[in-house]
Structure formats: structure tokens, C-alpha cells
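Taking it in order: structure first as C-alpha cells, then the write-up.
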Amino acid sequence: MISLFGWNGSFLQVDLTRNKAVAESYDSLLALSYIGGRGFAAKILWDQLTSGVDALSPENRLVFAAGPLTGLGIPNTGKLVIAAKSPLTGGYGDGNIGTYAGIHMRQAGYDAVIIKGKAETPVLLYVKNKVAEFVDAKDFWGLTSFETEAQLKAMYGRNVGVVSIGPAGENLVKFAVVISQEGRAGGRAGMGAVMGSKNLKAIVFEGFNDVPVAYQQDLKELIAAGYREIMTMPKYAFWKQQGTMSTVEWCQENSALPTFNFSEGVFEKADKIGGFAMEKIKVGNRGCPNCNMTCGNVVKNSNRIESEVDYENVAMLGSNIGIGNLRQVAVLNRLADELGLDTISLGNVIGFAIETSQKNLITEKLDWGKYKETKDLINDIAYRRGFGKLLAEGVKTAAAKIGQGSQEWSMHIKGLEVSAYDCHASPAMALSYATSSVGAHHKEAWVLSWEVKFDRRGYADEKINKVIEMQRIRGGVLESLIVCRFPNTSLGFKLEWYTKYLQAATGKDLPFKALMYAADRTLNLIRAFWIREYGSNWKREMELPPMKWFKRPLTKGPMKGALLDLAEFEVMLKTYYAKRGWDERGIPRKSTLKKLSLPEVAKQLEKYVTLSD
Ligand code: PTT
Ligand code: SF4
């Protein structure tokens, strides 16, 4: 056990094949080198996996990792990283979910839970204050994530933390997510499928112990001051009103709203699915634990049932598939949550299927804006029925099977479907997708608003620097601490708050610079993970954005005619690599790994590829 404050110094290693759960301590070097969350997850997956493991086999590890700020009541820290080798991309996969489960996990004494093996029949794991129990979950198999959590709370009490999968995870849909608290989802790259492959329906966490901190009184005062500061920020009131939903109008104005499978950046019914339309049917706010920004907008959907909507969900299940009715979109969104499907990939595969059908390349007759048919298709995907079975594999595999040039409009990078920002007119946003740690996700560098403000269509070096800076801060520091990025990115809450919290919690002086260094280490380790998996099959071309953005210009809106330029983008990508200390293939150089104290990683990688000096 380490004698540091802020960290418990203990992981729970669970083997579902043998029904064994063992606490394992780790040393302070690990804590200080990787901080927590994504840093821990990357290190654990690097150490415990070998190249080529089938992501849906018992050998894969499913990691639930918290950070040194989790469970202490600090603003916006109710988040948990869920990570594994991704069945969708074959590379590193993770996601970030707001849940009481992370808080309870820390208060039960663990900084991470690592799951390997496969239970013979469905189980759930109950972790209560250092004691882990395997509970038969046959009666839960087949339930939606909402039903599962409700029943578990009836069994274990309302205050426990629960993460679970729905039928999509059970059926190994490659973009199944893990769900918590009726509307929080995490693990876009198929973490729900990994959980399903282990026959693990849910984990219930119940912890009552305080995590040891260095300066309790200082921390208490800082926490109160942080919440006060957030509430007095100028953008706070509007944020509470609309959360991420105002992004619909913003993207429409700036020609970035994914429309008809990313063919356009504007949607004629955008006002019907935007933030102001949402306000008319809003019935409340929900959110993650330890947050006074509660950005989950709860609306009443067409079935008069509550559904929590965020920008990505609405854009992908709205404009991207031609549905311009927010109550209907909210039904689809809730269905995705119940079944445990990632809304971004879902809207993406459906958009791809409609476009492919319109071009008469498949026998299914699909069209834009068809609410009822879409609902049926979503169920077919979750239960792997009919055509849904192919779409359940993700858009990359579906396009490869359909062929006939359909790869050109399969909107993914490295197998992960692109998030809800059209990039015809945004080279840096496309670069951010291309080089994200998990595939085409916006979470690390949402550079689009910066492009809109300063230089929309250029390929200048400044853009590359911006992407790298954002990736280090958001994808490295915030994902490892772990804190929600919205207070900083949407309200302007200063990052210095987090170093103060960290100091009070751990007693260690870890300046932001040190956190950025640790972030670089983690991001390079994740890169190494991808390279170790792909070996000689790793190609720079894998990181090129979808060809549609290079070949088929926007036909409407303020950016009409816009296209990405392939030659310029390639130069941008190579320059990005050079700035990261990677070679022309995008592989970290030996010198870079050495600088980050990762010589062992270099040694291992050399078994798979030749490293440049
Ligand atoms: C995230 C991705 C996003 S990002 C959204 S909406 W977004 C989608 N949400 C889904 C959902 O809901 N249901 C569903 N079935 N699938 C969904 N897939 C999509 O998943 C989320 C918020 C949001 S709302 C965002 S941006 C921020 N993301 C953060 C992040 O990544 N890191 C961090 N440190 N802080 C963040 N804060 C914000 O959290 P993935 P949540 Mg999510 C219903 O997991 O895999 O990273 O994909 O966690 O608790 O729902 O909060 O406009
Ligand atoms: Fe969760 Fe939203 Fe609060 Fe972030 S701002 S912690 S996503 S409720």
C-alpha cells in the first residue's frame, strides 16, 4: 500500500473465470507517473495485455479507473473512465461516464477495478467496502439498463452506484456502451460489448470510507469556493438552461451540423431540434454527481416518457438521419440508453445505411427522416436481427462487407464512427479526429470553435499546435485527474483550481507542467498500444478522415462548396507527427519514449515495428 494521500493505493483485480477478486497495492511511482483515470487505464492495459488478444475474449481486461480527485466532493469530479482493448477499432478504447459508481468505488478503497476472464453464466459484481461478491445475474440478462439499475437499487438500496449494460452489450454490438443513472453513458468504442463478452451484467459499488487526504480543512474550503465560483460565472445561467444543446444552433450557423450522413453542415429543421426547441419541452435537469452545472436536459418524449438529451445524441439521431422532431429524437435517444448503444455510432451507421440504400447498393429500402422505421432498425441492431446484424459490427465493417465504393461514405477513423461535427470546412477538427486516442472522437480537442473564431479553412501550424495543446490538457490531464471538461471549456473555470485541489488532496506539489508531462506519457503509451496491436499493418492512411469530406463538397449553407484538401491535410498530419516526436508513420520515436521515461515500451515495440531514433 502506498503512503500517499489522495490515492487509495489499491486496485481490485477480478477474475470472472475463477470467481476471484484480489486487492493489489501499487506504488507511488505509478500514481505520480500516471495520476489516475485514463493514465491508470492505459498503463494497466499495456502491462496486462499482449498484442493480438481478441477484444471479446476472456483475456481482454475491462478497467474502471478513478482519479485522485474522485470521491472527495470536488466540483465536477463524479466521473469514471472505462477502458479496454476496443472490439470496434482493435486499438485502445475508453470512455468517460458520470456516475456514483466511481465515488463508491473510491470509498470502498479502490482506485481501479480490473476485470478479466468470463463468467460461465451471467453474473453481477457487488463490491462493498473491500469485499467483493459474485452474484447470479441470470434473471437480469435481457433487461434494459434502466430496468437493471432500478432492480439493483431495490435490492441494494437507493444510494449504491451502479454501472450496467443493456441488451446491446449482451449481444456484443461493437459500439455498445456502459450505462449509469438512466442517461449517462460511457465507452463509445464498445466497452459495453467487452462487459457483455465477460457475462458481466452490472457492477454495484457501495463504499462508506473516506479517502485519506492531506489537508482536509483546506480542501473543504476550496471545494465550497469552487462551487461558488462556478455559480457566479457569466455563462452559468444559460448553461443550466440549455447545457450542450445550444451547440445545435451554433453548428447550424457555422455549417458543422452533421446532416444526411455528413453530406451537409446545415439542416432545414435545425430550429426544431435545437436548444430553444428543447426548452419548450424541458421538464428538468439531471447530471453527474458532485456537479452544480447539471447539464443533462430532461425532456418529455413522444411517448410522454422522460429522456435526457445532449448535443451529440440529438445531432446524430436527428439531423444526421433527417429527423426534425425533437420529441421523436428523444424517443430514439432513450431507446439507445435502454439498450445500451452509443448514440454517435448509432446515428452514424443508420446514416450510412440510408445513404447506401438510396444508392441502391443494398436491398433494404431506407429513407431519411423515417421515425418508426428507424426505431425498428435500432432494435434490430441491438438484437442483431436481419440487416441490423451487419450494422451491429460498426460502419467500417459494414462498408467493407457491402463494398461497391461504400467506404467513401462510411464516416469513421480507425474504425470509430466520427462524432457530431461536420469537417468539410474544418481541417483542424478533422486532424483532431484523426489523431484522437480512441478513433474519431471529439473529446480531446474540440478545436472547431477556435477555427471558427480565428481561421476556418486554413492548414497553418498554429492549428496543429492548438490541437496538440488541447489533447494534452483534455485528453491527458483532465481524463487522468479525472474532472469534467465543461466547467473549463464552457464556462471558463480556471484549470489552476484543479492543481490546488490536487495539492490539498495529495499534499504533493504537482504543478500543471508536471501534469502535462504525465499527460504526454499517457498519450504516447496509448499510441504505443495501437502500434503494438497493428504492428506492420499500421499505416498513416488509417488516420485519414473519411473521403467524403475530400471529394463531395457541401451544397448548401454559409460554407457551400467547402471541401478538405488531401495534399494539404497530409502535410498537416505529418507536421503534427513531427511535433509529437513521432516519425512519418505516426510511430513514437525512440528518443521520444526515452524522454518520457518509457524505455521499456520502446523495447517492447521493437518486437513489432522498427523504431526511428
Ligand atoms: C461520449 C459521447 C458523448 S460526448 C455523448 S453526448 W457529449 C453521447 N452520449 C450518449 C448518451 O447520452 N447515451 C448513449 N446511449 N450513448 C451516448 N454516446 C455519446 O457518448 C457526458 C458529458 C458530455 S455530453 C460530454 S461531451 C463531456 N464528455 C467528457 C469527457 O469525455 N471527458 C471528461 N473528462 N469530461 C466530459 N464531460 C462531458 O460529459 P464516451 P456522461 Mg460519456 C445519454 O462516454 O465514450 O467518452 O463518449 O459521460 O456522464 O454521459 O456525460 O455532447
Ligand atoms: Fe456531468 Fe454536465 Fe456536470 Fe459535466 S457539467 S459533470 S457532464 S452534469
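Values as computed for the structure displayed
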{"read-out": "Filter result for ILE74 (touching a residue at least 24 places away in the same chain (Cβ under 8 Å), among the aliphatic types (A, V, I, L, M) and over 15 Å from GLY475 (Cα atoms))", "value": "yes"}
{"read-out": "Sole residue being touching a residue at least 40 places away in the same chain (Cβ under 8 Å), more than 16 Å from ligand 2 (Cβ to nearest atom) and either open to solvent by less than 10 Å² (accessible area, probe 1.4 Å) or of a type in the set (Gly, Ala, Ser) (or both), chosen from LEU80, LEU62", "value": "LEU62"}
{"read-out": "Condition met for LEU502 (away from ligand 1 (no atom under 16 Å from the Cβ), modelled with pLDDT of 95 or more, part of a helix (DSSP H, G or I) and more than 16 Å from the chain's Cα centre (by Cα))", "value": "no"}
{"read-out": "Of all residues in the range 459-476 being in contact (Cβ under 8 Å) with a residue 60 or more places away in the chain and assigned to a helix (DSSP H, G or I), the one that is nearest to ligand 1 (Cβ to nearest atom)", "value": "GLY475"}
{"read-out": "Top-ranked residue in the range 141-193 [being acidic (Asp, Glu) and at pLDDT 95 or above; ranked as nearest to GLY207 (Cα to Cα)]", "value": "GLU149"}
{"read-out": "Some residue of the range 575-586 being open to solvent by 60 Å² or more (accessible area, probe 1.4 Å) and closer than 30 Å to GLN48 by Cβ", "value": "yes"}
{"read-out": "Residue list for the range 95-119, restricted to those being under 18 Å from the mean Cα position of the chain (by Cα) and within 16 Å of ligand 2 (Cβ to nearest atom)", "value": "GLY95, ASN96, ILE97, GLY98, THR99, TYR100, ALA101, GLY102"}
{"read-out": "Count of residues meeting criterion [surrounded by fewer than 20 Cβ atoms within 10 Å (Cβ to Cβ) and in a loop (DSSP other than H, G, I, E, B)] in the range 30-48", "value": "0"}
{"read-out": "Pair list, Cβ under 8 Å, 6 or more apart: the range 28-43 residue without any contact (Cβ under 8 Å) to a residue 24 or more places away in the chain, other residue outside any loop (DSSP other than H, G, I, E, B) and of a type outside the set (Phe, Trp, Tyr)", "value": "LEU30/LYS43"}
{"read-out": "Lone unmet requirement of (1) more than 16 Å from ligand 2 (Cβ to nearest atom); (2) more than 30 Å from SER145 (Cα to Cα); (3) open to solvent by 20 Å² or more (accessible area, probe 1.4 Å) for ASN209", "value": "(2)"}
{"read-out": "Filtered residue count, the range 474-499, keeping only those that are open to solvent by less than 10 Å² (accessible area, probe 1.4 Å) and either within 11 Å of ligand 2 (Cβ to nearest atom) or under 18 Å from the mean Cα position of the chain (by Cα) (or both)", "value": "10"}
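The values are calculated or read from the model by the stated rules, or taken from the named source; none is laboratory data. Just so you know, these numbers come straight off a predicted model, no measurement behind them. Here the Cβ is made from the backbone with ideal geometry for all residues, glycine too, and neighbour counts use every protein chain on show. Protein only, heavy atoms only, side chains kept; ligands, DNA and RNA dropped before computing areas. Shrake-Rupley method; radii C 1.70, N 1.55, O 1.52, S 1.80 Å.
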